[in-house]
Amino acid sequence: MSGIKWCLLVAALLAAGCNRTSPEVVKAELVSLQACEEMARDGLRPIAASRDQRFLGKVQNSTALCRGGNGAVQFHSAPWVDWGNYWGAGDARSKAPDFVKQAGHLGPTQRGIDGALLDLEYERIELIKFNLFDNNGTYKDYVLGRNGVGGPALKTWKEMRLPSTNTNYSLVGGAGEQVCKGELIRHRNVSGICNDTFNPLMGSSGQLFARNVAFDTTFPDQGRTNLTKNRHGDRLSLMRPDPQVISRRLFTRQQSNPGKCNGGYGLPGFSKDADCDYKKAPFFNVLAAFWIQFMTHDWFSHLDEGHNQAEYMTVGCTSQKLNGNEKPLSPEDVKNLGCRPGDQIDKAYIADSSDPKTFSKDGKTESERAPKTFRNNVTAWWDASQIYGYDDRSRMRVKRDPKDPARLLLPAVTGRAAAGDPQGYLPTLASSDPMNPEWAGQEAVAFPDNFSVGISFYHNLFAREHNAFVDEFRKQTGRTPDEDSGLRNPITPARVIRYRDVTPDELFEAARLVVAAEIAKIHTIEWTPQLLYDEPLYLGMNANWSGLLGDHAPQVSEALRQIVSWSFGTSKDVKKATQWYSVFASGPGIFGLGSRVYADDPVLALIDPNKKDTWDISNPQHVNGGVNHFGSPFNFPEEFVTVYRLHALVPDLLEYRDLAAPNEIKNKIPVVETFQAKATEATRSRGLSNWALTMGRQRLGLLALGNSPQFLQNLKIPRLNSATQMIDVTALDLIRDRERGVPRFNEFRRQYGLRQLTSFDDFVDQHLPADSSDKADQQKLAATLREVYGQHLCDATKIITDAQRNEDQSPINDCLGHPTGTMVDNVEDVDTVVGWLAESTRPHGFAISETQFVVFILNASRRLYSDRFFTSSFRPEFYTRLGLDWVLNNGPGPAQMEKGTPNGHSQPVSPLKRVLLRTMPELAPELSTVVNAFDPWARDRGEYYSLEWKPRPGADSDEAFRKR
Ligand code: HEM
């Protein structure tokens, strides 16, 4: 900021508030304004040139002072990112005093929020630059480039061609150039091929999971490099430290009355006297827990039809650390811990464990892939494959209505008489359907694994939504049979397809596109802003979808869209194709990028009222032009699966209510009593809308240590060929990550550009007052971590990483800043899931930790950037006109606006609320006060991102509010 502007601002501030504000507050603001000037003089931070010079989410002192005053500077030395301490990033207390509000974007609150968004953009740019590691053989090109084009600007890869064994091989061009066309580009193909028309295989079922971390940091227990050997010594193996011991000591939900919980199995008759303690998140409901499980079933699966390999392995409960040494467990230890040495599980599938090829760059040898690779057995696209299928086998489980094959089959259930119930319920799997025998009796859905009433709920909900769209389309056909539906067939692109011409198959596939896009929208602008409940993330997530500019400057958004897609997107310049692309896309948002093309200069064309959109379905560049993979084919990385191991979200008991008396808890129904076929029985016998109410009102489990569902530690799995036929899913989470070579927590953070921890005490939240009971609990936890993972005598000559350096630029060594020869915590060995659950320092309203969040920043945006149906193919030619409007307006007709301005924003009625109201009109009274369907329905949201747990008017008698 120039000196003159600064003086003007100070004058304005003083004029605005000097007679209402204490001199201390004015002085503090002046100090932080001075810091702003210093920050402005230094200019914007350059993007790191090498991975060891990354931003780490830590700004200069002056920047912290400018954006958050002393409150931000105070926590500057902690490992955690700075922006959570900026003004405006918390609840109402984080906002600037009234007297400086008038200063708009120069005022402190806005400086804090803008600063947070800028920090997040830096993180995203660096993540795109440093964290893409494809396992399919393209990594060498990514590093070395090809034919004079830098790797990150490459757009096609031979590894993404269809193999000759694929039935569509010749259709896409066989051995010649492969480009998808005709029928193959019209909709989301069941196996996921031809989403990217120039890379037909990308994201399809059975492709390899990618990595976000350097290949040589994976499989740390193999000690493949000196750095990993130095980092972990010989302390790690698949079963060391013992996963069941970790589960019992660090994950178990302690019960004040174990008899009433009964290991998560509750009391007979679903008595409401049952009780299982769990740590609750006040601003997030159980619907949100099952939502994310429902999402993961769409995105990835290591299992194939619910199976792993046929070969079994034991899963620990054999040893624990005593004074840093591994000691066998005695029978008494086993009894005290409650673990089971007899448990066994089937080993994970491995795609390739042969030695990877290597190449060299600048004298450094690199691997072409990780030492082992694994397949994603479903499509990686956000294509609602859990509903519609991901291969021919799963598609056979999807039942269409013989009376109108555009619809899904949803027969009515006798006895169900709520207003939405005539829309029906999913049928159960037929004995002729391909399935794992355990699934018998469950609803017929494409992805039936780990079914419970929560998953059953969402399948029924979106099947109803699918039919709601088809029904509306049929009504429109009745009204305007001869009008252009918008749909086109690329084989005969000039032929107008009228409403009456649309075939049932075409309509079915258009409905799939609509439902998948609605789901992506709900996740992006409804689920995530409630998961990360603060203003920067509200703005950030809406920016991902519809841009930071929103509806305020449609022409500018449109111009940016053109520049991003047709200038940066096609550029062979690495910086333009990646960094510039990502930064400028934040203006208009990712959704719809490249879906309009103007013939002349894109910016001038916008001023021209007669400008013509020349997007053309017969032009492959138009169909595909909006996607950007940033030089690395899209698939999820193993590290993404790790941070979605969210089992702690699930409560043991569901507080069942019905709409006749919503404030009353009628039963406590164990989640485990709704497992597999019991889910279907529960959904049907009690009704979809009563389950909506039940899960909408109840708080979900906090993602924290000491909060794993009891039933998941003791899950009965009859298919298992073991003595106990039980498994501790929490322990299994650790084992699977180890099998897949996920780096341990500290290196994981370094790889993602976050600061390392130097002892278990770093997990204790420094924001808490010294005498707080939460702090005492966290200190106890740090002590238990020390016992479970141990300590060792450190050796400062051992360098442990090349991902980062100390602040003085010296290499990071085994002592992590402590004197050589002293005992240091084995913080390097902590399993990543344990680490992120232990993070108690989090930005305001974060239901997840910052380590998980950084993984999402990268992969959640890529999921949109890479998918042409969310970018250049978000067009009526594929979705139909009705479909396009349905996605944009959250249903038929014009957008509906929410009452008032929740958290200061005027906003449309949220997309999931609209789906709930359409599919279950009986929820209308309950939802009348709900703004975000994932916020507990009877909670008073208070003002500006309040996390308080208090009832809204009318829910005062709800007994859930009597408990903390
Ligand atoms: C009734 C509730 C649930 C049950 C019974 C359940 C059960 C399981 C089991 C048995 C596995 C292990 C599969 C294996 O590797 O052999 C698993 C994996 C997993 N679960 Fe859950 N789960 C539940 C809820 C959730 C929720 C709410 C989430 C939230 C996202 C979740 C996310 C995951 C993930 C990410 C995996 C790894 C999947 C993979 O490797 O592809 N689960 N679950």
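The values are calculated or read from the model by the stated rules, or taken from the named source; none is laboratory data. From a predicted model like this one, the values you see are computed outputs, not experimental measurements. When we count neighbours, we look across all protein chains shown, and the Cβ atoms used for this are built from the backbone with ideal geometry, even at glycine. Each accessible area value is taken on the protein alone, full model and side chains, heavy atoms only, with ligands, DNA and RNA left out. Shrake-Rupley method; radii C 1.70, N 1.55, O 1.52, S 1.80 Å.
Mind listing just one residue for me: the one in the range 269-293 that is surrounded by fewer than 24 Cβ atoms within 10 Å (Cβ to Cβ) and in a helix (DSSP H, G or I) and, of those, farthest from the ligand (Cβ to nearest atom)?
Looking at residues that are surrounded by fewer than 24 Cβ atoms within 10 Å (Cβ to Cβ) and in a helix (DSSP H, G or I), I get GLY269.
Run down LEU654, LEU705 and say which single residue is within 15 Å of the ligand (Cβ to nearest atom), closer than 30 Å to LEU781 by Cβ and touching a residue at least 12 places away in the same chain (Cβ under 8 Å). Before you say what the answer is, go through the steps one by one.
Numbers: LEU705 fails: within 15 Å of the ligand (Cβ to nearest atom).
Criteria check complete, one pass: LEU654.
Of everything in the range 294-315, what is on the phi > 0 side of the Ramachandran plot and either away from the ligand (no atom under 15 Å from the Cβ) or open to solvent by less than 20 Å² (accessible area, probe 1.4 Å) (or both)? Give them in sequence order. Step through it out loud before you land on a result.
Within the range 294-315, the first condition is being on the phi > 0 side of the Ramachandran plot, and the residues that meet it are 305-306.
Scanning the range 294-315 gives a single hit, GLY306.
Within the range 652-661, is even one residue in a loop (DSSP other than H, G, I, E, B), open to solvent by less than 10 Å² (accessible area, probe 1.4 Å) and of a type in the set (Asp, Glu)? Can you show your working first?
So the first thing to find is which residues in the range 652-661 are in a loop (DSSP other than H, G, I, E, B), and the list is 652, 657-661.
After this cut, where a residue has to be open to solvent by less than 10 Å² (accessible area, probe 1.4 Å) as well, the list is 652, 657.
Now restrict to residues that are of a type in the set (Asp, Glu): 652.
Checked against the condition, which is being in a loop (DSSP other than H, G, I, E, B), open to solvent by less than 10 Å² (accessible area, probe 1.4 Å) and of a type in the set (Asp, Glu), the range 652-661 yields at least one hit.
Does the range 381-394 contain any residue that is assigned to a loop (DSSP other than H, G, I, E, B), away from the ligand (no atom under 16 Å from the Cβ) and touching a strand residue (DSSP E or B) at 6+ places or on another chain (Cβ under 9 Å)?
no
Of the residues TRP886, TRP937, which is touching a helix residue (DSSP H, G or I) at 6+ places or on another chain (Cβ under 6 Å), open to solvent by less than 30 Å² (accessible area, probe 1.4 Å) and either at positive phi or not in a loop (DSSP other than H, G, I, E, B) (or both)? Can you show your working first?
Values: TRP937 fails: either at positive phi or not in a loop (DSSP other than H, G, I, E, B) (or both).
Every option except TRP886 fails the conditions.
State whether the residues of the range 683-693 include one that is buried (at least 24 other Cβ atoms within 10 Å of the Cβ), within 13 Å of the ligand (Cβ to nearest atom) and not basic (Lys, Arg).
No, there is no match, as no residue in the range 683-693 is buried (at least 24 other Cβ atoms within 10 Å of the Cβ), within 13 Å of the ligand (Cβ to nearest atom) and not basic (Lys, Arg).
Name every residue in the range 662-676 that is within 14 Å of the ligand (Cβ to nearest atom) and either open to solvent by less than 10 Å² (accessible area, probe 1.4 Å) or touching a helix residue (DSSP H, G or I) at 6+ places or on another chain (Cβ under 8 Å) (or both), in order of residue number. Let's see the steps before the verdict.
Within the range 662-676, the subset within 14 Å of the ligand (Cβ to nearest atom) is 669-676.
Hits for the range 662-676 are ILE669, PRO670, VAL671, VAL672, GLU673, THR674, GLN676.
What are the pairs with Cβ atoms under 7 angstrom where one residue, in the range 485-499, is free of Cβ contacts under 8 Å to residues at least 12 places away in the same chain and the other, located anywhere, is surrounded by fewer than 21 Cβ atoms within 10 Å (Cβ to Cβ)? Sequence gap at least six, or different chains.
Within 7 Å, the pairs are ARG495/ASN489.
Filter the range 174-195 down to the residues that are open to solvent by less than 20 Å² (accessible area, probe 1.4 Å) and either touching a Ser or Thr at 6+ places or on another chain (Cβ under 7 Å) or hydroxyl-bearing (Ser, Thr, Tyr) (or both) and list them by number.
Passing the criteria: CYS180, ILE185, GLY192, ILE193.
Residues ALA924, ALA895: which one is open to solvent by 30 Å² or more (accessible area, probe 1.4 Å), in contact with a helix residue (DSSP H, G or I) (Cβ under 8 Å, 6 or more places away or on another chain), in a loop (DSSP other than H, G, I, E, B) and at negative phi?
On the way: ALA924 fails: in a loop (DSSP other than H, G, I, E, B).
Answer to the selection: ALA895.
Can you pull out the residues in the range 927-964 that are aromatic (Phe, Trp, Tyr) and free of Cβ contacts under 8 Å to residues at least 40 places away in the same chain?
First pass over the range 927-964, keeping only residues aromatic (Phe, Trp, Tyr): 934, 937, 944-945, 949, 961.
Selection gives PHE961 alone.
Output the residue which, of all residues in the range 377-389 that are open to solvent by less than 10 Å² (accessible area, probe 1.4 Å) and in contact with a Ser or Thr (Cβ under 7 Å, 6 or more places away or on another chain), is nearest to ASP867 (Cα to Cα).
Narrowing the range 377-389 to residues open to solvent by less than 10 Å² (accessible area, probe 1.4 Å): 378-386, 388-389.
Restricting the remaining residues to those that are in contact with a Ser or Thr (Cβ under 7 Å, 6 or more places away or on another chain) gives 378-379, 385.
Working: VAL378: 16, THR379: 12, SER385: 14 Å.
By that ranking, first place goes to THR379.
Taking the condition of being open to solvent by less than 20 Å² (accessible area, probe 1.4 Å), away from the ligand (no atom under 16 Å from the Cβ) and among the charged types (D, E, K, R), how many residues in the range 434-471 meet it?
Count: 2.
With the requirement that a residue be among the charged types (D, E, K, R) and under 25 Å from the mean Cα position of the chain (by Cα), what does the range 614-659 give you?
Correct list: GLU638, GLU639, ARG645, ASP652.
The conditions are (1) in contact (Cβ under 8 Å) with a residue 40 or more places away in the chain; (2) within 27 Å of LEU917 (Cβ to Cβ); (3) in contact with a Phe, Trp or Tyr (Cβ under 8 Å, 6 or more places away or on another chain); (4) surrounded by fewer than 20 Cβ atoms within 10 Å (Cβ to Cβ), and PRO411 fails exactly one of them. Which is it?
Evaluating PRO411 over (1) in contact (Cβ under 8 Å) with a residue 40 or more places away in the chain; (2) within 27 Å of LEU917 (Cβ to Cβ); (3) in contact with a Phe, Trp or Tyr (Cβ under 8 Å, 6 or more places away or on another chain); (4) surrounded by fewer than 20 Cβ atoms within 10 Å (Cβ to Cβ) leaves (1) as the failure.
Show me the helices (runs of 4 or more DSSP H) entirely contained within the range 718-800 in which 3 or more residues are open to solvent by 40 Å² or more (accessible area, probe 1.4 Å) and touching a residue at least 12 places away in the same chain (Cβ under 8 Å).
Numbers: elements: 729-739, 745-751, 773-789.
Filter on the range 718-800 gives 773-789.
Please determine, by comparing only the residues of the range 71-82 that are modelled with pLDDT of 90 or more and in a helix (DSSP H, G or I), which one is surrounded by the most Cβ atoms within 10 Å (Cβ to Cβ).
The qualifying residue surrounded by the most Cβ atoms within 10 Å (Cβ to Cβ) is ALA72.
Answer with yes or no whether GLY753 is within 16 Å of the ligand (Cβ to nearest atom) and within 30 Å of PHE130 (Cβ to Cβ).
Numbers: within 16 Å of the ligand (Cβ to nearest atom): no; within 30 Å of PHE130 (Cβ to Cβ): yes.
No; evaluated as a whole, the condition is false for this residue.
Among (1) within 11 Å of the ligand (Cβ to nearest atom); (2) part of a helix (DSSP H, G or I); (3) not hydrophobic (A, V, I, L, M, F, W, C), where does ARG645 come up short?
(2)
Please work out which residue is farthest from the ligand (Cβ to nearest atom), limiting yourself to the range 244-268 and to residues that are β-branched (Val, Ile, Thr) and buried (at least 20 other Cβ atoms within 10 Å of the Cβ).
First, the residues of the range 244-268 that are β-branched (Val, Ile, Thr): 245-246, 252.
In the following step, the residues that additionally are buried (at least 20 other Cβ atoms within 10 Å of the Cβ) were identified as 245-246.
Numbers: VAL245: 19, ILE246: 16 Å.
Among them, the one singled out is VAL245.
Return the pairs, sorted by first residue and then second, in which the second residue is at pLDDT below 75, the first residue lies in the range 20-41 and is more than 12 Å from GLY69 (Cβ to Cβ), the beta carbons are less than 6 Å apart, and the residues are 6+ apart or on different chains.
Filtered contacts from the range 20-41: ARG20/PHE99; THR21/PHE99; GLU37/MET1; GLU37/TRP6; ALA40/MET1.
When you go through (1) surrounded by fewer than 21 Cβ atoms within 10 Å (Cβ to Cβ); (2) of a type in the set (Ser, Thr, Tyr); (3) under 26 Å from LEU768 (Cα atoms) one by one for SER94, which number turns out not to apply?
So SER94 meets the others, but not (1).
Residues in the range 415-431: is at least one under 30 Å from SER50 (Cα atoms), more than 16 Å from the ligand (Cβ to nearest atom), surrounded by fewer than 21 Cβ atoms within 10 Å (Cβ to Cβ) and at pLDDT 95 or above? Give the steps one after another, and end with the answer.
Let us first name the residues in the range 415-431 that are under 30 Å from SER50 (Cα atoms), namely none.
No, the range 415-431 has no match at all.
Any chance you could count how many residues in the range 158-173 are open to solvent by 10 Å² or more (accessible area, probe 1.4 Å) and in a loop (DSSP other than H, G, I, E, B)? Working first, answer last.
Step one: of the range 158-173, the residues open to solvent by 10 Å² or more (accessible area, probe 1.4 Å) are 158-159, 161, 163-171, 173.
Remaining after also requiring in a loop (DSSP other than H, G, I, E, B): 161, 163-171, 173.
Within the range 158-173, residues that are open to solvent by 10 Å² or more (accessible area, probe 1.4 Å) and in a loop (DSSP other than H, G, I, E, B) number 11.
Filter the range 392-408 down to residues that are open to solvent by less than 50 Å² (accessible area, probe 1.4 Å) and in contact with a Gly (Cβ under 8 Å, 6 or more places away or on another chain) and give me whichever is farthest from HIS466 (Cα to Cα).
Selected residue: ARG397.
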